[in-house]
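Some notes on the structure that comes next.
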Amino acid sequence: MTDKVTPRHIAFIMDGNGRWAKKRLLPRKAGHRQGVKALEKVVDACEKRGVEMVTFYAFSTENWARPQDEIDALFAMVAEFADTRLKEYVQRGLRILFIGDLTPLPQKTRDACTRIVEAAKGNKGMIVCIALNYGGRDEIVRAVRTLLQSGLKDVDVETLSDCMYTGGLPDPDVIVRSSGEKRLSNFMLWQAAYSEFVFRDELWPDFDEKIIDAVLEEYASRDRRYGSVKRLN
Ligand code: IPE
Ligand code: IPE
Ligand code: MG
């Protein structure tokens, strides 16, 4: 038997916004808009259930290959989201973190992100982490570069971990991907070493509290052995 434990950190690969829109003959950005609503439901559900950190993969280093108008719409939505819902989260005491290289983002989006991170300083609630222009390989290269520049001659797991965007934070206990795709797409390659994976067939805009409960139940039924042997009860 396994303990019924709540994961400390759940990371979501939000996928299927485009297909959700296509099914309804709507433009892809309508799917992203609905995806934001799903994210809000998921944040509320996770906070209520005592999760310490949630991460959302919102834009990958590979997503620049998309049509420019979709990219523009996505970053406009991020800026709007930061100025509205994230502001409300900050008032509620949540912590906000962005991972990824924000420098190539439109200035308006970057400013909105910086403002909200600043406003959330000192908060103690659940961490809402948003991966924007994030790539797992890019993150590892940056960490190695930081170490090289510091003049260090040797490296271990601990030092490299500390140089990741997520330095000092828990690795995801579970990585959830929506829309039936079963791959990481360059997400948290380093941090996923011992994560559990849950793949759901629902498209991201259809995610809600019920699906979160199903994910938590699935997680609780897993036996995380970390290379050791099955836990005796
Ligand atoms: C995920 O949905 C959102 C982002 C990657 C920004 P998609 O836009 O990838 O949706 P599909 O995969 O085309 O359905
Ligand atoms: C992964 O979704 C990236 C995000 C969710 C931001 P994609 O839709 O970009 O991934 P692939 O192209 O199907 O692997
Ligand atoms: Mg996709």
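The values are calculated or read from the model by the stated rules, or taken from the named source; none is laboratory data. Note that the structure is a prediction, hence the values are computed from the model and not measured. As a convention, Cβ positions derive from the backbone with ideal geometry for all residues, glycine included, and neighbour counts pool all protein chains shown. Note: areas computed on protein heavy atoms with side chains; ligands, DNA, RNA excluded. Shrake-Rupley method; radii C 1.70, N 1.55, O 1.52, S 1.80 Å.
Summary table below
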quantity	calculated
Efficiency of FRET from Cβ geometry, LYS153 and ALA76, R₀ 41 Å, rounded to 0.05	0.35
Sequence-separation-based contact order of the chain, relative, with Cα cut under 8 Å and 6+ spacing, percent	30 percent
Förster radius 35 Å - calculated FRET efficiency between ASP44 and ARG137 (Cβ-Cβ, nearest 0.05)	0.60
Cα-projected label distance for TYR226 with ARG8, points at 7 Å along beta-carbon direction, nm	1.0 nm
Environment charge at VAL42 (Cβ cut-off 9 Å; Lys +1, Arg +1, Asp -1, Glu -1)	-3
Structure-based [θ]222 nm, the chain - -39500 (n - 2.57) summed over DSSP H runs of at least 4, per residue, nearest 500	-12500 deg cm²/dmol
Fraction of accessible area attributable to carbon and sulfur, region 124-220 (%, probe 1.4 Å)	52 percent
Residue-normalised accessible area of the chain, given per residue in Å² at a 1.4 Å probe	53 Å²
Percent of alpha-carbon pairs separated by more than 28 Å within the chain	31 percent
Kirkwood hydrodynamic radius (C-alpha pairs) into Stokes-Einstein, region 107-233, 4 °C and 1.567 mPa s, D in µm²/s	74 µm²/s
Overall Cα dimensions of region 1-112 - principal axes, largest extent first, Å	48, 34, 24
